[in-house]
1. Mind listing whichever residues of the stretch 277-312 are charged (D, E, K, R), exposed (fewer than 13 other Cβ atoms within 10 Å of the Cβ) and not in a strand (DSSP E or B)?
2. Taking the stretch 412-464 on its own, how many of its residues are buried (at least 20 other Cβ atoms within 10 Å of the Cβ) and of a type in the set (D, E, K, R)?
3. Return a yes/no flag: does the stretch 379-394 have any residue that is part of a helix (DSSP H, G or I), charged (D, E, K, R) and surrounded by 12 or more Cβ atoms within 10 Å (Cβ to Cβ).
4. Check every one of the strands (runs of 3 or more DSSP E) wholly within the stretch 106-174 and list those with 1 or more residues that are within 16 Å of the ligand (Cβ to nearest atom), touching a helix residue (DSSP H, G or I) at 6+ places or on another chain (Cβ under 9 Å) and open to solvent by 10 Å² or more (accessible area, probe 1.4 Å).
5. Any residue that is open to solvent by 20 Å² or more (accessible area, probe 1.4 Å), within 7 Å of the ligand (Cβ to nearest atom) and in a loop (DSSP other than H, G, I, E, B) - is there at least one of those in the stretch 45-53?
6. Go through Ile329, Ile406 for me and flag whichever is open to solvent by less than 40 Å² (accessible area, probe 1.4 Å), farther than 30 Å from Ser300 by Cβ and of a type outside the set (Gly, Ala, Ser).
7. Out of curiosity, is Asp352 within 30 Å of Tyr182 (Cβ to Cβ), acidic (Asp, Glu) and either away from the ligand (no atom under 16 Å from the Cβ) or modelled with pLDDT under 90 (or both)?
8. Give me a count of the residues in the stretch 76-106 that are more than 30 Å from Asp352 (Cα to Cα) and not hydrophobic (A, V, I, L, M, F, W, C).
Amino acid sequence: MDYDVLILGGGIVGCAAAYELSKFSLNIALIEKDHDIADDVALVNSSVVYDGSESDDTLMSKLERMGSELMPEITSKFNVPYKKCGYMMMAEDDASEKFVEELYGHAVSKGYKNIQLLESDEIHKVEPQLNIKASKAMYSRNFAVTLPYDLAISYGEVAFDNGVNFKLDEEVLDIKRINKGYRVITNKNRFTCHIVVNTTPKEDYSIDVSEKLHKKRGVMDYFLMGENAKSKVSTIVTSMKDIDRNFSVVPNIQDSAIVTLKDEGNRDYRETLEKISDIMGGIGEDDIKSYRKAGFFKDSMIVDDSMIHQGYIKVVGKHYGIVAMTPAIAKIISETIKDNNKNCVLKKDFFDKRRDFIKFRDMTIEELNEVIKVNKDYGRIVCSCNHVSEGEIVDAIRRPLGARTIEGIKRRTGAMSGGCSGSICLLEIARILSRETGKGMLDIVKDSKNSNLVVSRIKEFDEM
Ligand SMILES: Cc1cc2nc3c(=O)[nH]c(=O)nc-3n(C[C@H](O)[C@H](O)[C@H](O)COP(=O)(O)OP(=O)(O)OC[C@H]3O[C@@H](n4cnc5c(N)ncnc54)[C@H](O)[C@@H]3O)c2cc1C
């Protein structure tokens, strides 16, 4: 067999599974069709670490709770930003009040700690600046925020350093059952393996014709607020007009905020802005840095091990809390494989640390001067909004599983995500990427295939 385990898909779940399985003496590869790992992880820069109390689905609530309990340890080990901020789900009408009371009742019966049902006046004691009239709120102090890309990339890098073979730009076309294992057919290779961990959603393979499980439950609008629009609330706040129409403010890691709106219908722009302003405290149009729209998914996530006796395990479903669930899902996958595989023994030389890197903006002048003495690239600022140096960009490209796309550099370094959104530094970063990877400028892509930055040359001087 070519591999003991083949992991299909390099999203956050695939990378976390690779990390957990790399603790064992197994020969593992991960296949990802895109140029980079974790390309589809949340479009916004902070993810909520749900504790499960907000969910009315018992299994999803358990996965979130287990994931959120593992999150502080994993983020601190990888040095990934993680901030406990708490959560208030506020009821604004009779139906949502009943819903909030029921959720609180479920949380209490499940033995949640740090949870309260707040009356109107108590809400304002927690968040005095909040400008919303809510009758009741479920308040959980367990919620947190983290950086989803940083977490996914850390999982991938540590797995890579512990021997997982990452095959990027390679698409799985089919999986076939063979004697004592599987043949995984990609657009480039045919691999054999004993165990398949399939995290690629919505794919139909010979082995596994999955039903289309993903049911979109509405649309979410995401407003990423600029640095000047500091949130007046430090708790994650959800205001519920009714159960299917809600509005949340998530204080993000960088002290600004993400505002989300979930609704089925069309929005009135002014009303939306007023609502944001009410919660955030007097913000205007100019404070909105970027806007995204994305589907809202609430499938039941299934870690399907019904074929584990044949060495096949798959993760099915799309859910708004997958980042929070990831540490739990990865542990369940690795425990299931360990329990069903006698040859699965822990490695003695497993190295449970992410390689260090330099962050210009977090260093003192003295520390920086020391670094610049060794490498002058760290003294040349490329992204002046977020203070990202050329040294950091080069490191992001040269690291294990380094960036190969503009988006990959943005996610690893924070360059281009400041006030100018890359309008000043994008070209310089593309030049560095072109120089470091030996690719021509015409081949530099934003993220996915065919997202080339430069479409063609304007003038072909050779012809003159
Ligand atoms: C806007 C937004 C906000 C979110 N906010 C939160 C939040 O606050 N908290 C939270 O917990 N979660 C949040 N989520 C959810 C979470 O970010 C995603 O659900 C999660 O990243 C999905 O990870 P995954 O690994 O399951 O799937 P994916 O990221 O989809 O990974 C699957 C991977 O498989 C690859 N692939 C697919 N088919 C093939 C093939 N045939 N061959 C090879 N590779 C293949 C894909 O390229 C992809 O990289 C949010 C999601 C979105 C979109």
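1. Kept after step one, since they are charged (D, E, K, R), are these residues of the stretch 277-312: 278, 285-287, 289, 292-293, 298-299, 304-305.
Now restrict to residues that are exposed (fewer than 13 other Cβ atoms within 10 Å of the Cβ): 285-286, 293.
Those that are charged (D, E, K, R), exposed (fewer than 13 other Cβ atoms within 10 Å of the Cβ) and not in a strand (DSSP E or B): Glu285, Asp286.
2. Residues in the stretch 412-464 being buried (at least 20 other Cβ atoms within 10 Å of the Cβ) and of a type in the set (D, E, K, R): 1 in total.
3. Step one: list which residues in the stretch 379-394 are part of a helix (DSSP H, G or I), which gives 379, 390-394.
With the extra rule that they be charged (D, E, K, R), the set shrinks to 390, 392.
This time we only want the ones that are surrounded by 12 or more Cβ atoms within 10 Å (Cβ to Cβ), so: 390, 392.
Within the stretch 379-394, one or more residues are part of a helix (DSSP H, G or I), charged (D, E, K, R) and surrounded by 12 or more Cβ atoms within 10 Å (Cβ to Cβ).
4. Values: elements: 115-119, 136-140, 144-146, 165-167.
Per the criteria, 165-167.
5. yes
6. Values: Ile329 fails: farther than 30 Å from Ser300 by Cβ.
None of the others qualify; the one that does is Ile406.
7. Working: within 30 Å of Tyr182 (Cβ to Cβ): yes; acidic (Asp, Glu): yes; either away from the ligand (no atom under 16 Å from the Cβ) or modelled with pLDDT under 90 (or both): yes.
Spelling it out, Asp352 is indeed within 30 Å of Tyr182 (Cβ to Cβ), acidic (Asp, Glu) and either away from the ligand (no atom under 16 Å from the Cβ) or modelled with pLDDT under 90 (or both).
8. In the first step, residues of the stretch 76-106 are kept if they are more than 30 Å from Asp352 (Cα to Cα); the result is 87-106.
From the residues that got through so far, the ones that are not hydrophobic (A, V, I, L, M, F, W, C) too are 87, 92-94, 96-98, 101-102, 104-106.
Within the stretch 76-106, residues that are more than 30 Å from Asp352 (Cα to Cα) and not hydrophobic (A, V, I, L, M, F, W, C) number 12.
The values are calculated or read from the model by the stated rules, or taken from the named source; none is laboratory data. Everything numeric here is computed off the predicted structure, so don't read it as measured data. Ideal geometry is used to build each Cβ from the backbone, glycine not excepted, and the neighbour counts take in all protein chains shown. Heavy atoms of the whole protein, side chains included, go into the accessibility calculation; ligands, DNA and RNA do not. Shrake-Rupley method; radii C 1.70, N 1.55, O 1.52, S 1.80 Å.
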